[in-house]
Ligand SMILES: [Zn+2]
């Protein structure tokens, strides 16, 4: 049970899907600390448009994103923007954990379906097929990289109980969100994730204010 009726809980090792309208805000909360949440966003009106790790990191020239940073789509439109972040360490490099992850990396004989399977299950009713699931934005996931060798490790999240990251939708979106299922990503235990949706209309934000989005669309950057 969540004390705040507006807060939804994602049970450990599970996932959900829901929609946002442009201007809505999504607050992803780590209620107990050290728990990752994988986030996907699709253009609700055209599911071929989806968040793109490659484009977002290319345009940011950084792999660690935080307040103010946009999440671009495969068509270089801004789908989400980070508007608040109490942690400052998230991952946008690694694929959602999956049965394959647990089989290949951990040697599990009967692997859990992971965030990938949970996202696929939650998004299927909206018409999202398995092969459309890209690299997710992994809220609170802590993946330090050795700058010289490129070697990375998956370390315990830096998030503490009550930490959160807030996104503002800059398009009408279909969202997938999980409480991550990988032991290593979550410092050895599976915990819930909380989220809250702040509707633009209720918050008094003008949904016609797309100036930042337009600025994002006009941004130019060199391709990799
Ligand atoms: Zn996961």
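At 1.306 mPa s and 10 °C, plugging the Kirkwood radius over alpha-carbon pairs of segment 1-60 into Stokes-Einstein gives what diffusion coefficient in µm²/s?
My calculation gives 111 µm²/s for D.
Please identify which residues in segment 145-162 have an amide N closer than 14 Å to a label point set 7 Å out from the Cα of residue 187, following the Cα→Cβ vector.
So the set is 155-162.
Kirkwood Rh, segment 66-137, all Cα pairs: how many Å?
Radius from the Kirkwood sum: 14.2 Å.
So for the chain: antiparallel DSSP bridges make up what percent, rounded to the nearest 5?
Approximately 100 percent, going by the DSSP bridge assignments.
Counting each DSSP H run of 4 or more residues in the chain as -39500 (n - 2.57), what helix-only mean residue ellipticity at 222 nm follows after dividing by all residues, to the nearest 500 deg cm²/dmol?
Taken over the chain, the calculation gives -4000 deg cm²/dmol.
Pick from 151, 19, 86: which is most flexible by mean-square fluctuation in a GNM of the chain where alpha carbon atoms under 10 Å apart are linked?
Of 151, 19, 86, the most mobile in the Gaussian network model is 151.
Across every pair of different alpha-carbon atoms, what Kirkwood hydrodynamic radius in Å does segment 1-119 reach?
About 16.1 Å, per the Kirkwood formula over Cα pairs.
To two decimal places, what compactness ratio does the chain give when its Cα radius of gyration is scaled by 2.2 N^0.38 Å?
0.97
Laboratory data are not the source of any read-out in this text; all were calculated from the coordinates shown. Here the structure is a predicted model, which means the values were calculated and not measured. Cβ coordinates were reconstructed from backbone atoms using ideal geometry, including for glycine residues, and neighbour counts include every protein chain displayed.
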